[in-house]
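The values are calculated or read from the model by the stated rules, or taken from the named source; none is laboratory data. Because the structure is predicted, anything quoted here is derived from the model rather than measured. Neighbour counts are summed over all protein chains in view; Cβ atoms, including those assigned to glycine, are modelled from backbone coordinates with ideal geometry.
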């Protein structure tokens, strides 16, 4: 486990990973602004954090700086941002708590699975369903700041997008589990199996 952590942090200091770390820092700032009633400030923080999500992946590929740290913490930062923003919107009565609980349970399963894979030195890559779900979540969460206006027009687009994202996220979970099981079978008795 110590060697795995060393491998994760050995190549973490680059621009894409710095953006990922910045996004992690922005999550509690977003929650503070939202709960303090500074909704437009919270929206601004959320948009900047979402922009870093697009930028860090692009730069990692463009600069050939794809690292195990980024593979692990980039999706973790996304999960924290999405779940915290969903919970804030649900607390304000914008989103249904059922959607929040489903996604929170899904993310807990993902974290538990990721920890299991990490112990075996395996990183399971994010799949396209998860990436598309993230786009839908981001759109739903941004539009959630204008939920009152959308309801007044008779179109709760933010809630529709949210439930679409929930379905896509569950499909991504199934694919993630299938990928994890496949890699585990490839190294059945090797606790230090090949890194993905």
Next on the checklist: For segment 83-95, give me each residue that is buried (at least 23 other Cβ atoms within 10 Å of the Cβ) and over 17 Å from residue 38 (Cβ atoms).
Outcome noted: 86, 95
Item to check | Selection from segment 39-56 of residues that are surrounded by 19 or more Cβ atoms within 10 Å (Cβ to Cβ) and under 14 Å from residue 17 (Cα atoms) | outcome: 49, 52, 53, 56
Checklist entry - In segment 64-76, is there at least one residue being modelled with pLDDT under 85, over 18 Å from residue 21 (Cα atoms) and surrounded by fewer than 17 Cβ atoms within 10 Å (Cβ to Cβ)? => result yes
Checklist entry - Any idea how many residues of segment 106-140 are over 23 Å from residue 49 (Cβ atoms) and either in a helix (DSSP H, G or I) or at pLDDT 90 or above (or both)? => result 8
Checklist entry - Under the condition of being without any contact (Cβ under 8 Å) to a residue 12 or more places away in the chain and in a loop (DSSP other than H, G, I, E, B), which residue from segment 143-167 is surrounded by the most Cβ atoms within 10 Å (Cβ to Cβ)? => result 156
